[in-house]
1. Kindly indicate the residue of segment 214-265 that is touching a strand residue (DSSP E or B) at 6+ places or on another chain (Cβ under 9 Å) and over 30 Å from HIS188 (Cα atoms) and also surrounded by the fewest Cβ atoms within 10 Å (Cβ to Cβ) among those meeting that condition.
2. Would you check if there is a residue in segment 143-161 being among the hydrophobic types (A, V, I, L, M, F, W, C), without any contact (Cβ under 8 Å) to a residue 60 or more places away in the chain and touching a Lys or Arg at 6+ places or on another chain (Cβ under 8 Å)?
3. Quick one: in segment 112-133, of everything that is without any contact (Cβ under 8 Å) to a residue 24 or more places away in the chain and in a loop (DSSP other than H, G, I, E, B), which residue is surrounded by the fewest Cβ atoms within 10 Å (Cβ to Cβ)?
4. Can you name the condition, by its number, that GLY136 falls short on among (1) without any contact (Cβ under 8 Å) to a residue 60 or more places away in the chain; (2) at negative phi; (3) crowded, with 19+ Cβ neighbours inside 10 Å?
5. Only one of (1) touching a Lys or Arg at 6+ places or on another chain (Cβ under 7 Å); (2) part of a helix (DSSP H, G or I); (3) surrounded by fewer than 24 Cβ atoms within 10 Å (Cβ to Cβ); (4) not charged (D, E, K, R) is not met by ASN104, so which one is it?
6. Go through (1) in contact with a helix residue (DSSP H, G or I) (Cβ under 7 Å, 6 or more places away or on another chain); (2) farther than 20 Å from GLU100 by Cβ for PHE155 and report which single condition fails.
7. Checking the structure you have, find out if any residue of segment 57-66 is out of contact with any Asp or Glu (no Cβ under 7 Å at 6 or more places or on another chain), acidic (Asp, Glu), over 25 Å from GLU192 (Cβ atoms) and modelled with pLDDT of 95 or more.
Amino acid sequence: MKRLHKLYRALVLILKKPYLLNKILDDNDVWQERVQKQYGNGDGLREVRFHDLAGGEEISVKPFSFLEGGSLPTDLALLRVLAAGFDDCKFFEIGTWRGESVANVAEVAGECTTLNLSAKEMLDAGLDPAYVDQHGMFSKGLPDVIHLEGNSKTFDFAGLNKKYDLIFIDGDHHFESVKQDTENVFNHLLHEKSIVVWHDYAWQPGNVRYETLAAIMGGVPKVFHENLYAVRNTLCAICYHGDLRSYIPSNVAKKDEAFEVRLKA
C-alpha cells in the first residue's frame, strides 16, 4: 500500500508540474538501467589504464585554463598521446569551446579541424555574449587549425570527403546529439585505424554518465562495440582498433596510477 501511495503522489506531482517528468527520464539511474537492458554493461565500459596508453612518457599540457566546463588535464594529455601515435595526425573535433583541446593537439598533429556553432547562431539562441566570445580563444590564429562553423545536426560530414586519424566528440551532450554525432563520424570520417574519443563519458573519473554511454552504444556499429573502452583517470571513452589490456570498471584509486603535476603560469 505504501508503494501505491507513493506512486499516486508522484503522478499527482507530475500532473501539477509536468517538467518533473523530464528530470525523471533524464536521471542517471534510469539511463543506467537502459544501458544494462539493451547492452548488458550497466557497470560501464571496460577500462584501460592511462599509464599503458602513455607508455610512461612525461606529457606537457598547454594551454589549460582551470575554468568551468573544460577538460581535465588527463583528457588533454590523452588526446596528445593518441595524436602523437600517428604520423602527421589528422585531427577532427566536434565542439570547440575555448579551444584548449585542439590547441593541445595542434602541437603534435599535422593538421586539425574543429566544428562549432557560429557566433551568430549562439547569440540567436540567447547565449551570453561573454560566453560566446570565449569560443576558440586558445585556437584561433593557430596556423594548422581550421575552424569550421555549423551545427553538427545538419552539417554535411560527407562533403568533407576526408578521413581523420583522431576524432574528438565533445559537442551537445544530450542523448540524441551524441548518438547522431557518433553515427556521422562512423559513417563518414573514419579509416580502418582511426581512433574516436568521446568527452564526458563520465561525470568524474569512475562515475559514468550513462546518457552519454547509451548514446555511444546506440551510435557505434555493433561490430565495433568490443573496441569501446573507458580510460581511467579521465572523463573519456575511446574506440580503439588494436590490442589493449582492459579491466573491469572501478572507481577505486590505485597507487600505481597516480600523477605528478607541475604548474607554470
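The values are calculated or read from the model by the stated rules, or taken from the named source; none is laboratory data. Just so you know, these numbers come straight off a predicted model, no measurement behind them. Glycine also receives a Cβ, built like all others from the backbone with ideal geometry; neighbour counts cover every protein chain displayed.
1. Looking at the filtered set, the residue picked out is ILE248.
2. Looking for residues that are among the hydrophobic types (A, V, I, L, M, F, W, C), without any contact (Cβ under 8 Å) to a residue 60 or more places away in the chain and touching a Lys or Arg at 6+ places or on another chain (Cβ under 8 Å), one finds none in segment 143-161, hence no.
3. Per the criteria, the residue is GLY126.
4. Here GLY136 meets the rest and fails (2).
5. All conditions pass for ASN104, except number (3).
6. Here PHE155 clears every test but (1).
7. Within segment 57-66 (the criterion being out of contact with any Asp or Glu (no Cβ under 7 Å at 6 or more places or on another chain), acidic (Asp, Glu), over 25 Å from GLU192 (Cβ atoms) and modelled with pLDDT of 95 or more), the answer is no, since none of the residues qualifies.
Results for (1) free of Cβ contacts under 8 Å to residues at least 24 places away in the same chain; (2) more than 17 Å from the chain's Cα centre (by Cα); (3) more than 23 Å from TYR131 (Cβ to Cβ), shown as yes or no for each residue.
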position	(1), (2), (3)
TYR39	no, yes, yes
LEU45	no, no, yes
VAL48	no, no, yes
GLU57	no, yes, yes
PRO63	no, yes, no
GLU68	yes, no, no
LEU72	no, no, no
LEU76	no, no, no
ASP88	yes, yes, yes
